[in-house]
1. Scan (1) 50, 33, 30; (2) 47, 32, 29; (3) 42, 33, 33 for the value of Cα extents along the principal axes in Å calculated from this model and give just the label.
2. Tell me, what is the percent relative contact order of the chain, built from C-alpha pairs under 8 Å that lie six or more residues apart?
3. Can you tell me, using C-alpha contacts under 8 Å and at least 6 residues apart, the relative contact order of the stretch 1-104 as a whole percent?
4. Going 7 Å from the Cα of ASP97 toward and past its Cβ, which residues in the stretch 120-157 have a backbone nitrogen under 13 Å from where you end up?
5. All other residues with a Cβ under 14 Å from the Cβ of LYS87 taken together, and with Lys, Arg as +1 and Asp, Glu as -1, what is their net charge?
6. PRE reach from GLU121 (point 7 Å along Cα→Cβ): which of the stretch 78-105 fall under 15 Å by backbone N?
7. Can you compute 3J(HN,Hα) from phi for each residue in the stretch 63-71, using the Karplus curve 6.51 cos²θ - 1.76 cosθ + 1.60 with θ = phi - 60°, rounded to whole Hz and x for Gly and Pro?
8. If I model a spin label as a point 7 Å beyond the Cα along the Cα-Cβ vector, how far apart are those points for SER157 and GLU30 in nm?
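Derivation of every value follows stated rules applied to the coordinates shown; laboratory data play no part. This is a predicted model, so every value here is computed, not measured. Please note: Cβ atoms are built from the backbone with ideal geometry, for glycine as well, and neighbour counts cover all protein chains shown.
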Amino acid sequence: MAQYEPFEEGVEARGRVIIAIEEGLSRFRETYRTRVQAVLSEKDIDDPNPDDWYAQTAELGVLEMIAEELEPHLLDRLGEQIPAVAKWPEGVSGVADGLRSIDDAYHRNHRGGDIGHYHFEKIEDGRGRVVCRNPYPCPFDRGLIRAVAKRYSPVESFVFVEERGETCRREGGERCTYVVHW
């Protein structure tokens, strides 16, 4: 499975995630916003509304452009911003519950067929595994996972996320596996 390609035609993402990417990039350089707007305009998205739905291909196209033309490390930072803007389940407490909630949040913000998933498994106290089967780039998912773990961890906790799977989407694999320490 390739990164940046939806699993099915017709998959959509909420506008709030697209807007977060656009605004997140402008924090680094305003010229990045202009480039993102150009890519979205090519997909007939000129002024996204946070609660409207847009083709996932547009969002993935922006992320691919960032990786190829701008600064690929920004994908990690953009992934960190998603929990603050996406529709997220309420009543989440603790890191394990937070990491488990990523899949629920993902499904609240995407629709229209096979969108993929995030699967969390607790390994032991303070350590768990997140398996990502989706078309998003690895650094974006790593940033998302780290942000969720930090959001639900005690203030004094140090959060560390490392890719530790046998397959990687970057290399054509179907999924990536991240081990999270907190």
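1. Here the calculated entry is (2).
2. Numbers: 339 pairs, mean separation 48.5, N = 182.
Worked out over the chain, it gives 27 percent.
3. Working: 90 pairs, mean separation 34.9, N = 104.
Here the relative contact order equals 34 percent.
4. 152-154
5. Values: positive: ARG14, ARG16, ARG108, ARG111; negative: GLU12, ASP51, ASP52, GLU90, ASP103, ASP104.
With Lys, Arg at +1 and Asp, Glu at -1, the net is -2.
6. 100
7. 5, 5, 4, 4, 5, 8, 10, 9, 10
8. Going from the SER157 label point to the GLU30 one covers 3.9 nm.
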